[in-house]
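Participant: Let me give you the structure first, and then I'll get to my questions.
The values are calculated or read from the model by the stated rules, or taken from the named source; none is laboratory data. Small disclaimer: the values here were computed from a predicted structure and weren't measured. As a convention, Cβ positions derive from the backbone with ideal geometry for all residues, glycine included, and neighbour counts pool all protein chains shown.
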Amino acid sequence: MILVDMNQISVASVMMHLHMTKQTKPDGDMVRHMILNSLRMYRMRFCDEYGELVLCYDSKHYWRRDYYPEYKYSRKKGRESDNKDWDAIFEVLNAVKAELKEFFPYKHLEVYGAEADDIIAALCGELEFDNGKTLILSGDKDFIQLQKFRNVTQYSPITKKFVNGIDPYIYLDEHVLKGDSSDGIPNVLSPDNTFVDGLRQKPLSKKKIQAMVAGEFPSDEVKRNFQRNKKLIDLKESPPELFMECIKEYQDAPEGDRSKLLNYFTQKRLRSLVESIGEF
């Protein structure tokens, strides 16, 4: 199966559109066309080897923010200072999301409390011993850790390259120690409020990383921060009941109905895509 990180695919399409047009508010028709055409191209390239697309979405509420209120705080703060019309952006993306769920022949997964990361991790673990191959369609480096599973491959739509050549175990160890500034997670030497209050992270040398990978923490506070980061970054730390819900959602999700595609393309005046309807 092809597990698609739809939040990344969708936002990347909007950002590319706004960059090309030099606008702050998206054209819904253009963004719709870009997202759909991307899915068509990925399906045509990878379907024969990996199977059908499975569209994975972030829930509006996710458990990591309950555990760590500062999670992704910097993204929200960044949007507030941005000149882009984020209300209009989310309106367009939500509309396309609803249309994909109603009209397209793909499993559509969204689980309350889960991010796409959790859904993808749950399915990679569940399907590890299946004979089929699994492709993760995302440039998010958090997914490198899932390459520990047999038959799991990752492809980045951003760089248009496969993500490989990195040991998933070593990467995860270092990622937990270094944190993830894009998600508002400081390194293990820095306090919870580092990014919220605009503080500088304490420097983390290679020597310190090597010592802590070996389990040598300089203080109880740093060990506590390590546990914080491991909970947020290591995908096997997600709540077990949430993983089970993700797997159930996949098993219960209806197979798509291709009979709706022609009417949809006609209604949305997607004439160029009508000619490629068999590729969806």
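Yes/no matrix, rows are residues, columns are (1) crowded, with 19+ Cβ neighbours inside 10 Å; (2) within 30 Å of L127 (Cα to Cα); (3) among the acidic types (D, E):
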| residue | (1), (2), (3) |
| --- | --- |
| A214 | no, no, no |
| P239 | no, yes, no |
| F243 | yes, yes, no |
| S276 | no, no, no |
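Participant: Moving on. Residue under question is Q251, and the condition is that it be without any contact (Cβ under 8 Å) to a residue 24 or more places away in the chain and outside the structural domain of H108 (by TED's automatic domain parsing); does it hold? Please lay out each step first, then the result.
Facilitator: On the way: without any contact (Cβ under 8 Å) to a residue 24 or more places away in the chain: yes; outside the structural domain of H108 (by TED's automatic domain parsing): no.
So Q251 does not fit the description; no.
Participant: Only one residue in R75, R32 is among the charged types (D, E, K, R), surrounded by fewer than 14 Cβ atoms within 10 Å (Cβ to Cβ) and not assigned by TED's automatic domain parsing to the domain that holds N193, so which one is that?
Facilitator: Values: R32 fails: surrounded by fewer than 14 Cβ atoms within 10 Å (Cβ to Cβ).
Testing whether each residue is among the charged types (D, E, K, R), surrounded by fewer than 14 Cβ atoms within 10 Å (Cβ to Cβ) and not assigned by TED's automatic domain parsing to the domain that holds N193 leaves just R75.
Participant: Hey, another quick one. Could you say which residue among M44, M16 is part of a helix (DSSP H, G or I) and either within 18 Å of F104 (Cα to Cα) or not hydrophobic (A, V, I, L, M, F, W, C) (or both)? It would help to see each step written out before you state the result.
Facilitator: Details: M16 fails: either within 18 Å of F104 (Cα to Cα) or not hydrophobic (A, V, I, L, M, F, W, C) (or both).
Only one candidate passes the filter, namely M44.
Participant: Quick check: anything in the range 257-277 at pLDDT below 95, part of a loop (DSSP other than H, G, I, E, B), farther than 30 Å from E99 by Cβ and not polar (S, T, N, Q)?
Facilitator: no
Participant: Out of D48, D27, which single residue is among the charged types (D, E, K, R), under 23 Å from Y250 (Cα atoms) and free of Cβ contacts under 8 Å to residues at least 24 places away in the same chain?
Facilitator: One residue alone meets the criteria, D48.
Participant: Go through (1) of a type outside the set (D, E); (2) under 25 Å from P69 (Cβ atoms); (3) in contact (Cβ under 8 Å) with a residue 40 or more places away in the chain; (4) not assigned by TED's automatic domain parsing to the domain that holds N37 for Q145 and report which single condition fails.
Facilitator: Q145 satisfies all of (1) of a type outside the set (D, E); (2) under 25 Å from P69 (Cβ atoms); (3) in contact (Cβ under 8 Å) with a residue 40 or more places away in the chain; (4) not assigned by TED's automatic domain parsing to the domain that holds N37 except (4).
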